[in-house]
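**Student:** My questions will all concern the structure given below.
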Amino acid sequence: MALNPHVAALTDRIRQRSHVSRNAYLAQIREAASATPHRCLVSCANLAHSFAASGADKAALREGRQPNIGIVTAYNDMLSAHQPLEAYPAWIRQAARAAGATAQVAGGVPAMCDGITQGQPGMELSLFSRDVIAMSTAVALSHSVFDAALCLGVCDKIVPGLLIGALQFGHLPVLFVPGGPMVTGISNEEKARVRQRAAAGEADRAELLESEAKAYSAPGTCTFYGTANSNQMLMEIMGLHLPGTAFVPAGSPLREALTRRSAARAVELVAGGSEYTPLGLVIDERAIVNGMVGLLATGGSTNHTLHLVAIARAAGIHIDWSDFDTLSAQVPLLARVYPNGEADVNAFHKAGGMGFLIRELLNAGLLHDDVLTVAGPGLRPYTQAPELEPKTKALVWREAPAQSRDEEILRPFLRPFSHNGGLRLLTGNLGRSVIKVSSVKPEYRHILAQARVFDSQEALQAAYQAGSLNRNVVVVVRFQGPRANGMPELHQLTPPLANLLDRGYRVALITDGRMSGASGKVPAAIHASPEALAGGPLAKIQDGDLIELDAERGTLEVRVDPAEWALRPLAQPPSTGHDRGLGRELFGLFRAHATTAEAGATSFGPSFDRTLP
C-alpha cells in the first residue's frame, strides 16, 4: 500500500525541520562507533574491574571474543509492573551464554509509580524522574564495555527515560523488554463508579480500598490504557520490541520465552555482524511518525505529547503539537480501551492486539514500512504474534488474526470508532494545549461557561465538597506546569468533575498540569503552554470570565475585551512549599531549567537539541 500522502508530507516537513540537529546526532553516533574502543582495548585496570565479580562469565569477559550485553533495569518489588523483572537478568545471562555471549546488569534506574503518588507531594517528582532515569541510563552505559543493551522497564516515565538515555549511545543495538500486564481484576467501569461514589461521600475508605485492591491485584502492569501501556504500544510500533511482545501477560511461559529470545536477538544485532542495528538508526523521523500514528489510532496517553517530543529531540528530531493535530485528521481511532471504552489491554490483546492493529494501519498506508527495527528491515514482521508450540514449546510467530475477535474493542480501518484520532490541539488567546477527545462524548466537546479559578487541586476539591461548583463551569487549575511544581498529574480531579457532569452540568477543565491516559470523560485542556508561572495567559484568568472550549474546531478562548485583557496583571503563584520535603529540594535545578510542555518539558539544556552541527 502506498504511503498516505499526508503522512508522507508531514514526515518530509519533520525531516527538513530537523535537518541540522539530526545530522549532528548521526555524526555523534558515528564518532562514538569509531572512537569507542573495544572493551579489551581499555586499560588492564579498567578491564579487570569490569569482570572481577562475574563468576562463570569471568573468563569469557577477560578474553573479550564474545559480545557483552548490558542490562539496564528498573526492577523493584514495590511496583507491580516492575516486580516481574526480578527474574530477567538470570534468564538473560543464560540466553546470552547459549548464544555465545555474556550479559551483565549495567545499572538500575529509579521507577516511581504515579498510582502511588497521585495527589501526594511526591507526585511533583514524577515528570522529572524521566530525566533522572535518562541520566541514570547514561551512567549505566558510560563504562563502554557493552556491545548492545537490553532496557527493562514498563511504566510512565521509565520507558521514555530509558530511551532518551539509550539514544545517547545510539551506536549500540538496544532492545526494550517489558514485564507484561497483570491479570484482569474488576471492571474499569466498576472501579470508576466506586471512585465517584467516594468523591461524593457515598462510599467509605474501606469500600474504596477494597475496590482498588481488586483492580490492582497481582504482579504486572495496570491493565487500563494509560501511559504505561501506551509506552508498550510505542516501543512495538517503533520497532524496539520483538514483534508481539507488548501485552503478553506477566508470569506466563511465553513472556519468559520472549525475554530469553530478546537476549539472543541482541547478540545477533551487534557491530561486526551482518545484522548490525544501532538504536540511532532505528529511531528516525519515520519511526517517530509511526509512534504518533499508533498513539492516535489507539487513543493513547496524552503524556506522550511530552514524552514523544523529548524522545524525538534525543535523536535530533523536532516535532510539536501541530504535528499530532495534522495526523489526527488522517488517522482513525481503531481501539477502545479504558478510559476510552470499557475493555482493558488484556481484552485488546485477545481481540487481535498489536499485530492486527499494525497490519490495518500498514495496509491503509498510515505507517512507514521502510523502517529499521530490532526484528530486521521493515515493519511487516510486527503483524505477527508470538506463541509457543504446544509440543516442543518452541517460540514461533504466526500472522495475527485476519479479523478482530471483538469489534467493540478493536476494529478494522474500514469500520473505525472515529474517523479522527484521539488527540487534538487547542489554540486561541489562552495559548496552546491538548485534549484527549477519544474519551469525551461528542455532546461534551463544546462548552461556553464562566471560569472558576484555582491555584491548587486541593482548593478545587474543597470547593467541590462545599457545593460551590454545582453549575455549568470551566474549572481552571493553574501553576501546575513543569517550572511551577514539576507538572504533576491531577487524576484526583477526575471523580468530582465526572460527578458534576453526571448531575447534568456542563463542565470542562483547563490546566497547565497533566491528566495522562486516565483523563476520562470530562473535556480537559491540558499542558497549557506557556504555563502560568512563565507568564502564560492562564495567569490572567479571573473568576467569572467567559471561556469557550471547542474541541471540534480546536479552539480555546476567553471572551474578554482585548484592551482589558492586555492590561490585566498576572496572578502571583501561591506559596505552597512545593520546593521542600520528600526530596523536592533536590529538583530545583530541574524546575528552573524546564522547557515548555510542547518542547517536552525537559531540563537538559540547549545542547540536548543539537541545534548546531
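**Student:** Among 462, 101, 111, pick out the residue whose Cα is farthest towards the positive end of the charge dipole of the chain, where Lys and Arg carry +1 and Asp and Glu carry -1 on C-beta, about the Cα centre.
**Tutor:** 101
**Student:** Right, here's the next one. Per 0.36 nm of contour for each residue apart, how much would the distance between residue 448 and residue 586 grow if the chain were fully extended, relative to their Cα-Cα spacing?
**Tutor:** Taking 0.36 nm per residue and subtracting the Cα distance, the gain is 45.5 nm.
**Student:** Right, here's the next one. What are the extents of the Cα atoms of segment 1-114 along their three principal axes, in Å, largest first?
**Tutor:** 55, 40, 30
**Student:** Measuring from centroid to centroid over Cα atoms, what is the spacing of segment 270-325 and segment 496-566 in Å?
**Tutor:** If we compute the Cα centre of each part, the gap is 29 Å.
**Student:** In addition: When Rg is the radius of gyration of the Cα atoms in the chain and Rh is its Kirkwood radius, what does Rg/Rh come to?
**Tutor:** Working: Rg = 23.8 Å, Rh = 24.7 Å.
That ratio equals 0.97.
**Student:** Now, a different point. For segment 221-260, calculate the relative contact order in percent as a whole number, restricting contacts to Cα pairs under 8 Å that are 6 or more residues apart.
**Tutor:** Averaging sequence separation for qualifying contacts and normalising by length gives 25 percent for segment 221-260.
**Student:** I've got another one for you. Based on the alpha-carbon gyration tensor of segment 233-304 and its eigenvalue square roots a ≥ b ≥ c, which shape applies: rounded if a/c is under 1.5, prolate if not and a/b is larger than b/c, or oblate?
**Tutor:** Numbers: a/c = 3.42, a/b = 1.17, b/c = 2.92.
Oblate shape, in that a/c is at least 1.5 and b/c is the bigger or equal ratio.
**Student:** In segment 333-437, which trypsin sites (Lys or Arg not before Pro) are in a loop and have at most 16 other Cβ atoms within 10 Å, using DSSP for the loop call?
**Tutor:** Numbers: sites: 336, 350, 359, 391, 393, 398, 405, 424, 432, 436; in loops: 336, 391, 393, 405.
Answer in residue order: 391, 393, 405.
**Student:** Still on this model: For segment 226-378, what is the convex hull volume of the alpha-carbon atoms per residue, in Å³? Mind showing how you got there, number by number?
**Tutor:** Working: hull volume 16.7 nm³, N = 153.
Cα convex hull per residue, to the nearest whole number: 109 Å³.
**Student:** Listed highest first by mean packing, meaning other Cβ atoms within 10 Å per residue, what order do 216-223, 548-555 come in?
**Tutor:** Highest mean packing first, the order is 216-223, 548-555.
**Student:** To the nearest 0.05, how large is the calculated FRET efficiency for residue 575 and residue 380 if R₀ is 56 Å and r is the Cβ-Cβ distance?
**Tutor:** It comes out at approximately 0.50.
**Student:** Amide H of residue 68: which non-local residues (sequence gap of 5 or more, or other chain) have their own amide H closer than 5 Å, using H built in the peptide plane?
**Tutor:** Amide H neighbours of residue 68: 102, 147, 148.
**Student:** Give the order of 408, 189 when sorted by the count of other beta carbons within 10 angstrom, beginning with the fewest.
**Tutor:** 189, 408
**Student:** So, one more: Under the definition of Cα pairs under 8 Å and six or more residues apart, what whole-number percent is the relative contact order of segment 423-599?
**Tutor:** 29
**Student:** Can you check what the Kirkwood hydrodynamic radius comes to for segment 533-592, Cα pairs only, in Å to one decimal?
**Tutor:** Numbers: mean 1/r = 0.0692 Å⁻¹.
By the Kirkwood definition, the hydrodynamic radius is 14.4 Å.
**Student:** Continuing with this model, one more query. Hey, can you grab everything whose amide H is under 5 Å from the amide H of residue 596? Only 5+ residues off in sequence or another chain; H modelled, so Pro and N-termini drop out.
**Tutor:** Sorted by chain and number, the residues that satisfy this are 601.
**Student:** Another one. Could you give the distance between the Cα centres of segment 27-73 and segment 109-169, to the whole Å?
**Tutor:** Computed from Cα coordinates, the inter-centre distance equals 23 Å.
**Student:** Could you run the Karplus curve 6.51 cos²θ - 1.76 cosθ + 1.60 with θ = phi - 60° over segment 421-437 and give me ³J(HN,Hα) per residue in whole Hz, x for Gly and Pro?
**Tutor:** So the Karplus estimates, Gly and Pro as x, are x, x, 10, 9, 8, 10, 10, x, 6, 9, x, 10, 8, 10, 9, 8, 7 Hz.
**Student:** So, with +1 on the Cβ of K and R and -1 on the Cβ of D and E, and no other charges, what is the size of the charge dipole of the chain about its Cα centre, to the nearest 20 debye?
**Tutor:** 760
**Student:** Shifting gears a bit: Output the Cα-based Rg and Dmax of segment 423-599 in Å, rounding Rg to one decimal and Dmax to a whole number.
**Tutor:** So, for segment 423-599, Rg and Dmax equal 15.4, 45 Å respectively.
**Student:** While we're here: Would you grab the residues whose amide H sits under 5 Å from the one on residue 371? Only those 5+ places off in sequence or on another chain, please, with H modelled 1.01 Å from N.
**Tutor:** Here 378, 379 satisfy the definition.
**Student:** Restricting to Cα pairs below 8 Å that are 6+ residues apart, what does the relative contact order work out to for the chain? Please round to a whole percent.
**Tutor:** 15
Every read-out reported here was derived from the displayed coordinates using simple, explicitly stated rules and does not represent laboratory data. Given the structure is predicted, the values throughout are model-derived calculations rather than measurements. Cβ atoms come from the backbone with ideal geometry, glycine included; neighbour counts cover every protein chain shown.
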